[in-house]
Amino acid sequence: MKVTIGNGGFVERLEVFGSDLTVVNAARVSFDKESLVMDPRDEKLVSYLAKHGHNSPFFHPQVRFRIRMPIFVAREWFRHTVGFARNEVSRRYVDDEPENWIPTVLRARDANKKQGSKEEPIANNSERVEQIQKYMKDTVTFYNLLLADGVAPEIARAILPQAMYTEFIETASLAAYARLCGLRLDPHAQAEIREFAGAVSAAMSEAFPVSWRALMGTEAVPAAVAAAIPLTVTTEVVTNVKTAASPSEFFTADFTAPTAPSVPTAHTPDT
Ligand SMILES: Cc1cc2nc3c(=O)[nH]c(=O)nc-3n(C[C@H](O)[C@H](O)[C@H](O)COP(=O)(O)OP(=O)(O)OC[C@H]3O[C@@H](n4cnc5c(N)ncnc54)[C@H](O)[C@@H]3O)c2cc1C
């Protein structure tokens with residue numbers, strides 16, 4: 001199962017270890033009992049465990065994802081640490097053409113700081129989006145120019161923006177994902193991270209329907225959040241399209257140093 005998000009992001013479920021029965025039998029071992037198929041009593045038990053914070057049975061099932069998201073979203077995602085294992089692509093060693101997240105809607109600042117942004121875009125949305133596209137393209141050209149000069153990728157990467165996509169493999173327990181999704185599907189979380197949490201939530205709900213419903217409430221992805229997430233589910237196999245520019249292109253590139261449009265510095269309370 002793979003869900004594409006934005007112009008270059010995705011959530012791909014790679015492996016699932018366990019099922020709703022894993023949760024049930026982790027709990028039933030206390031009485032030296034085992035269920036072979038889920039029945040209504042087992043469903044009731046899962047609800048009871050979730051409702052009363054008996055979390056340890058939810059630690060046993062594990063899921064592995066491959067995720068590609070912009071760095072500014074990954075900064076928030078990686079704050080969830082307990083129960084997660086991650087390995088990320090390293091730009092010390094990899095110098096492929098970077099890809100940047102490009103917004104299409106520049107949400108306006110909300111007077112309420114904690115809200116982060118309004119739904120509505122700024123008045124000159126299209127003009128600024130065009131400038132952002134050019135700015136992102138220029139940073140990639142500059143990066144390629146530094147590499148062509150012989151600068152080490154670990155240094156050249158420093159000029160790449162927070163919007164650059166990063167990719168990682170993540171394995172975590174059912175309990176850990178329930179905690180992350182509970183926090184990041186909340187309307188107070190930034191819209192961009194909610195999209196990724198929504199995709200993970202859909203994948204978890206498919207693999208653990210009973211447990212996920214019990215942990216997340218009646219709906220795995222709250223209707224309001226689901227409506228705001230334009231998810232595209234695809235069964236495509238992930239292929240890393242690596243477009244290496246030839247060295248001659250580096251030298252002939254008509255590079256102009258990126259000039260940032262004069263806009264106020266973004267305030268990001270979340271890391
Ligand atoms: C809407 C939103 C806004 C945010 N804004 C900010 C912000 O402005 N600045 C900022 O820095 N962060 C911010 N965060 C990040 C937040 O503070 C947490 O770091 C993040 O949500 C991960 O929480 P977690 O409980 O899943 O953490 P995990 O590290 O995964 O911990 C999971 C649980 O384990 C337990 N635990 C973990 N470590 C300890 C410990 N040392 N001692 C005792 N118990 C522990 C706690 O019960 C904890 O809830 C924000 C998060 C959200 C959702």
Trypsin sites (Lys or Arg not before Pro) restricted to DSSP loop in the range 3-36 with at most 11 other C-beta within 10 Å: Lys33
Once you list every other residue whose beta carbon is under 13 Å from the beta carbon of Ala207, what net charge do they have if Lys and Arg are +1 and Asp and Glu are -1? 0
Can you list the aspartates and glutamates whose alpha carbon is less than 14 Å from that of Lys33, not counting same-chain residues fewer than 8 positions off? Asp42
Going by average Cβ density within 10 Å per residue, which order do the peptides 124-137, 178-191 take, highest to lowest? 178-191, 124-137
Once you order the gyration tensor axes a ≥ b ≥ c over the Cα atoms, which shape class does the range 121-212 get: rounded for a/c under 1.5, otherwise prolate or oblate by comparing a/b with b/c? oblate
Positive end of the charge dipole of the range 1-53 (Lys, Arg +1 and Asp, Glu -1 on Cβ, about the Cα centre): tell me which of Asn7, Leu36, Phe17 has its Cα farthest that way. Asn7
Where in the range 1-98 are there chymotrypsin sites (Phe, Trp or Tyr not before Pro) that are in a DSSP coil and have at most 10 other Cβ atoms within 10 angstrom of their Cβ? Tyr93
Using a 7 Å offset from the Cα along the Cα-to-Cβ direction at both His52 and Ser30, what is the distance between the two label points in nm, to one decimal? 0.6
Once Gln133 and Arg92 are pulled to full extension, the length gained, defined as 0.36 nm per residue separation minus their Cα-Cα distance, is 12.2 nm
Enumerate by residue number the GluC sites (Glu not before Pro) in the range 3-65 meeting two conditions: DSSP loop (anything except H, G, I, E, B), and at most 11 other Cβ atoms within 10 Å of the site's Cβ. Glu34
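Bear in mind these aren't lab numbers, they're just calculated from the coordinates by the rules spelled out. It should be emphasised that the depicted structure is a prediction, and the values quoted were computed from it without experimental measurement. Cβ atoms come from the backbone with ideal geometry, glycine included; neighbour counts cover every protein chain shown.
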